[in-house]
1. Measure nothing fancy, just the Cα-based angle from helix 159-169's long axis to the longest principal axis of the chain, in degrees from 0 to 90, nearest 10.
2. Fully extended, how many nm does the chain gain between residue 203 and residue 316 (0.36 nm per residue separation, minus their Cα-Cα distance)?
3. For segment 54-114, state what percent of all Cα-Cα pairs lands in each successive 10 Å bin, counting from 0 Å until the bin that includes the largest distance.
4. Sorted from fewest to most neighbouring beta carbons within 10 Å, what does the list 12, 309, 264 look like?
5. Relative to the longest principal axis of the C-alpha atoms of the chain, give the angle of the C-alpha long axis of helix 18-29, reported between 0 and 90° and rounded to the nearest 10°.
6. Based on the mean of other Cβ atoms within 10 Å per residue, sort peptides 132-140, 91-99 so the most packed one is first.
7. Against the longest alpha carbon principal axis of the chain, how many degrees, from 0 to 90 and to the nearest 10, is the axis of helix 291-316 turned?
8. How much of the DSSP bridge set in the chain is antiparallel, in percent, rounded to the nearest 5?
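Nothing in this text is a laboratory measurement; each read-out follows from the coordinates by a stated rule. Keep in mind that this is a model prediction, so the values were computed, not measured. So basically every Cβ, Gly included, is an ideal-geometry build from the backbone, and we count neighbours across all protein chains shown.
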């Protein structure tokens, strides 16, 4: 049941990844008194990552969860109020804008920064959900260690799939790379690296039909596209690397998006088509998708929100009598 007494805030941030926490840092420093809801996975995708070696300021690298804890603490120290909870419904007919958290608590906000991130795309085949965490994984760096010396499979043909396969080839006995077409979408340099690895076996024109196993992954069943024949490959794990889906479903009908669901922002800014609503991080970036670029866009969103509020307040201030 939705509460009858909405809470009013100046700046509401949705999402607790690098974009959201950085937006919280900048918005708090600007005096916007931001309230941040972490979403279902506080810390975002970096909570599933081990070594992060390419984020500035960590010369020896850092564990993904450690970096996100650092960002959270910094945002809180600046004055950002961080809460557990997920946006389940929005009404952007304002300003101000209304957001319902967990189906019950209503927030009325002058500005909203959307930093809800993206989720791994799933195959939606039998066995995927049942064996998730028991051999089915969406992050080789996170889970590859558990399959050292084993035979595994990687699904996908893009740069991410190649990176997963290359990483696994260094610790696993054999890597079956399952590509649905007769060529990869990956960059040439990544394809060349994969093809040079003697323990990466590329299967062209195959679709995953099912992931097999009782208590853990035992095999992956593939369907050959041209002949329709089925083949079972004995593997201990299946790493799925077929892209991501932006977490933007609740914003459909309000915000302009592309065909994949990424929020469209205007003029190299974080502004959306709705005044007072801004988007940062993986919800609007399908090209770079790095922690550092997400953090940068979180900074941009807070600055854009601050300037927007300044302009609104200036327009509402009556001119002094002459």
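1. Approximately 50 degrees, to the nearest 10.
2. 34.3 nm
3. Bins of 10 Å from zero give 19, 33, 29, 16, 3 percent of pairs.
4. Ordered by Cβ neighbours within 10 Å, fewest first: 264, 309, 12.
5. Helix 18-29 and the main axis of the chain meet at about 20 degrees.
6. My ranking of the peptides, most packed first, is 132-140, 91-99.
7. Tilt relative to the chain: about 20 degrees.
8. The answer is about 45 percent antiparallel.
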